[in-house]
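Single-structure report; data block below.
The values are calculated or read from the model by the stated rules, or taken from the named source; none is laboratory data. Nothing here was measured: the structure is a model prediction, and the numbers come from that model. Keep in mind that these areas ignore ligands, DNA and RNA; they rest on the heavy atoms of the full protein, side chains included. Shrake-Rupley method; radii C 1.70, N 1.55, O 1.52, S 1.80 Å.
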Amino acid sequence: MRKRNTKLLWGAVIASPLIVLLLIIVLVPILINLQTFKGKVEQDLSHRIGGTITGGRIEIALLPTPHVLFRDVSFSVGDAAAGTLESFSVYPDCFP
């Protein structure tokens, strides 16, 4: 009986952090409202390309690798270029 309780205890010790990690991976993208950062992101990207960028939605995903997805983006760089993108992703360099 005691051996069985020890195995259950070790199983719980190993499973608990995995369950917490899984919950974090699932809930973080849902709970973070990236639309509040949309104006800042558009302003920063517009400055970097030397033009204007306006976009639709911003989404975040942690799997398979952390990335930010921008959807329905319009851009223009003076008379040199203009267009729309259905979506593009940015993969930050999180891990050395």
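The accessible surface of the chain, taken with every protein chain in place and a 1.4 Å probe, is 66 percent carbon and sulfur. The Cα-based radius of gyration of the chain, divided by its Kirkwood radius, gives an Rg/Rh of 1.28.
In deg cm²/dmol, rounded to 500, what helix-only [θ] at 222 nm does the chain give when every DSSP H run of at least 4 residues adds -39500 (n - 2.57) and the total is split over its residues?
-15000 deg cm²/dmol
Rounded to the nearest whole Hz, the Karplus-based 3J(HN,Hα) values (6.51 cos²θ - 1.76 cosθ + 1.60, θ = phi - 60°) of the range 77-87 follow the sequence 10, x, 8, 6, 7, 7, x, 10, 10, 5, 6, with x at glycine and proline. Rolling a 1.4 Å probe over the heavy atoms of the protein chains gives the chain an accessible area of 80 Å² per residue. Against the chain, whose longest principal axis comes from its Cα atoms, helix 38-49 is set at around 60 degrees. Helix 2-31 and the long axis of the chain differ in direction by around 10°, with both axes built from C-alpha atoms.
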